[in-house]
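Let me begin by presenting the structure, written as structure tokens, before commenting on it.
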Amino acid sequence: MRRLALGLLALTFAAPAMAQTPLTFAEVDTDNSGELSFEELIAVWPDLVQDEFDRADVNMNGSLSADELNALQPSTLPTPAE
């Protein structure tokens, strides 16, 4: 769970307009499906590309569970803005 929180905190830094408060998985999950679609993720992680998303989507259902999001390699996470 801590990795998820850190990942979502990193996502917050990728979207300065939304960086006023840390985002939770539930806040990014705007359709309340329990998983994150590519569209939901790029709203807070604009540098994410479809290929990275597809590689993380292990079960190929078109969305990422918390575990799949946590499995993204640290090198694909956005770097906080200076």
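What are the pairs with Cβ atoms under 9 angstrom where one residue, in segment 37-62, is closer than 16 Å to Leu23 by Cβ and the other, located anywhere, is among the acidic types (Asp, Glu) and assigned to a loop (DSSP other than H, G, I, E, B)? Sequence gap at least six, or different chains.
Qualifying pairs under 9 Å: Ser37/Asp29; Ser37/Asp31; Glu40/Asp29; Glu40/Asp31.
Mind checking whether some residue in segment 13-31 is in contact with a Pro (Cβ under 6 Å, 6 or more places away or on another chain) and either at pLDDT below 90 or in a loop (DSSP other than H, G, I, E, B) (or both)?
Scanning segment 13-31, I find at least one residue that is in contact with a Pro (Cβ under 6 Å, 6 or more places away or on another chain) and either at pLDDT below 90 or in a loop (DSSP other than H, G, I, E, B) (or both), so the answer is yes.
Take the residues in segment 68-82 that are surrounded by 11 or more Cβ atoms within 10 Å (Cβ to Cβ) and not hydroxyl-bearing (Ser, Thr, Tyr); name whichever of them is modelled with the lowest pLDDT.
Restricting to residues being surrounded by 11 or more Cβ atoms within 10 Å (Cβ to Cβ) and not hydroxyl-bearing (Ser, Thr, Tyr), the top hit is Leu77.
Just need a number here: residues in segment 39-52 that are surrounded by fewer than 18 Cβ atoms within 10 Å (Cβ to Cβ) and of a type in the set (A, V, I, L, M, F, W, C).
Residues in segment 39-52 being surrounded by fewer than 18 Cβ atoms within 10 Å (Cβ to Cβ) and of a type in the set (A, V, I, L, M, F, W, C): 3 in total.
The values are calculated or read from the model by the stated rules, or taken from the named source; none is laboratory data. The shown structure was predicted, so the numbers you read here are calculated from the model rather than taken from an experiment. Note that we place each Cβ from the backbone using ideal geometry, even for glycine, and neighbour counts take in every protein chain shown.
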